[in-house]
Amino acid sequence: MSLPHAILTALLEKPSSGLELTRRFDKSIGFFWSATHQQIYRELGRLETSGLIRALPQSGPVRGQKKEYEVLPAGRTELERWTAGGEDPKAVREPLLLRLRAAAVVGTAGLDAELTRHLALHRAQLADYEEIERRDFPPENAAGENRLQHAVLRAGIGLETFWVEWLAETLATLPDPR
């Protein structure tokens, strides 16, 4: 149920075409709620059919021009309803954790390479988040209007910091393969 709400949020921030939404998902929302190009376009159609968004009127011929969407009052109302609602935390489904559990039973051969690969990926993601924070949320703007967006980014930084520390500790506990 959250993809339509992610799209409504993005469109309220800035009316966009499906392609622009896909690019924005890749740069921001996709860090915590991913969606494919096809999923975004399919959901735009559903949201438009349900009267939550509309395609902006286009000047000139429609053929070949990308549709740009905006949120209608019913869409804003739905997003407000959803934002005010509650939802229980989701259980963690992380294949790497299952691999470690299995390795405890069948052995750790090859596991160090996979943990090392994950460590590099999480270090890179952490560096990306920290760069976004330096660029978009300088200390002098800490009390600015984007405090909630910064809070989401800080959550990402915290999660990546956890993974980097946990992976380094776990790698250090693996038995020596010799």
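The values are calculated or read from the model by the stated rules, or taken from the named source; none is laboratory data. The structure displayed is predicted, hence computed values, not measured ones. Quick reminder, even Gly has a Cβ in these numbers, built from the backbone with ideal geometry, and neighbours come from all protein chains shown. For the accessible areas, the whole protein counts, side chains as well, though only heavy atoms, and no ligand, DNA or RNA atoms are used. Shrake-Rupley method; radii C 1.70, N 1.55, O 1.52, S 1.80 Å.
Scanning segment 128-146 for residues that are assigned to a helix (DSSP H, G or I) and surrounded by 12 or more Cβ atoms within 10 Å (Cβ to Cβ) returns ASP128, TYR129, GLU130, ILE132, GLU133, ASP136, ASN141. Looking only at segment 13-30, residues that are under 16 Å from ASP128 (Cα atoms) and among the hydrophobic types (A, V, I, L, M, F, W, C) come to 2 in all. All conditions in (1) closer than 17 Å to PHE31 by Cα; (2) open to solvent by 90 Å² or more (accessible area, probe 1.4 Å); (3) not aromatic (Phe, Trp, Tyr) hold for ARG101, with the sole exception of (1). Reported count of residues in segment 4-32, each being of a type in the set (Ser, Thr, Tyr) and over 22 Å from GLN125 (Cα atoms), is 3.
Residues in segment 114-134 that are free of Cβ contacts under 8 Å to residues at least 24 places away in the same chain and within 17 Å of GLY156 (Cβ to Cβ): LEU121, ALA124, ALA127, ASP128, GLU131, ILE132, ARG134.
Does at least one position in segment 17-29 carry a residue that is at pLDDT 90 or above and exposed (fewer than 13 other Cβ atoms within 10 Å of the Cβ)? Checked against the condition, which is being at pLDDT 90 or above and exposed (fewer than 13 other Cβ atoms within 10 Å of the Cβ), segment 17-29 yields no hits at all.
Looking at ALA155, ALA124, ALA151, ALA168, just one residue is more than 24 Å from TRP33 (Cβ to Cβ) and either open to solvent by 100 Å² or more (accessible area, probe 1.4 Å) or not aromatic (Phe, Trp, Tyr) (or both), and that residue is ALA168. Scanning segment 30-59 for residues that are under 17 Å from the mean Cα position of the chain (by Cα), among the hydrophobic types (A, V, I, L, M, F, W, C) and modelled with pLDDT of 90 or more returns a single hit, ILE40.
Given the condition within 20 Å of the chain's Cα centre (by Cα), surrounded by 12 or more Cβ atoms within 10 Å (Cβ to Cβ) and touching a residue at least 40 places away in the same chain (Cβ under 8 Å), answer yes or no: does some residue in segment 72-87 qualify? Checked against the condition, which is being within 20 Å of the chain's Cα centre (by Cα), surrounded by 12 or more Cβ atoms within 10 Å (Cβ to Cβ) and touching a residue at least 40 places away in the same chain (Cβ under 8 Å), segment 72-87 yields at least one hit.
Taking the numbered list (1) touching a strand residue (DSSP E or B) at 6+ places or on another chain (Cβ under 6 Å); (2) in a helix (DSSP H, G or I) in turn, TYR69 passes all entries but (2). Among the residues of segment 1-14, the ones that are surrounded by fewer than 16 Cβ atoms within 10 Å (Cβ to Cβ) and either modelled with pLDDT of 90 or more or part of a loop (DSSP other than H, G, I, E, B) (or both) come to 3 in all. Across segment 93-121, the number of residues qualifying as under 14 Å from THR173 (Cβ atoms) and either modelled with pLDDT of 95 or more or not in a helix (DSSP H, G or I) (or both) comes to 4.
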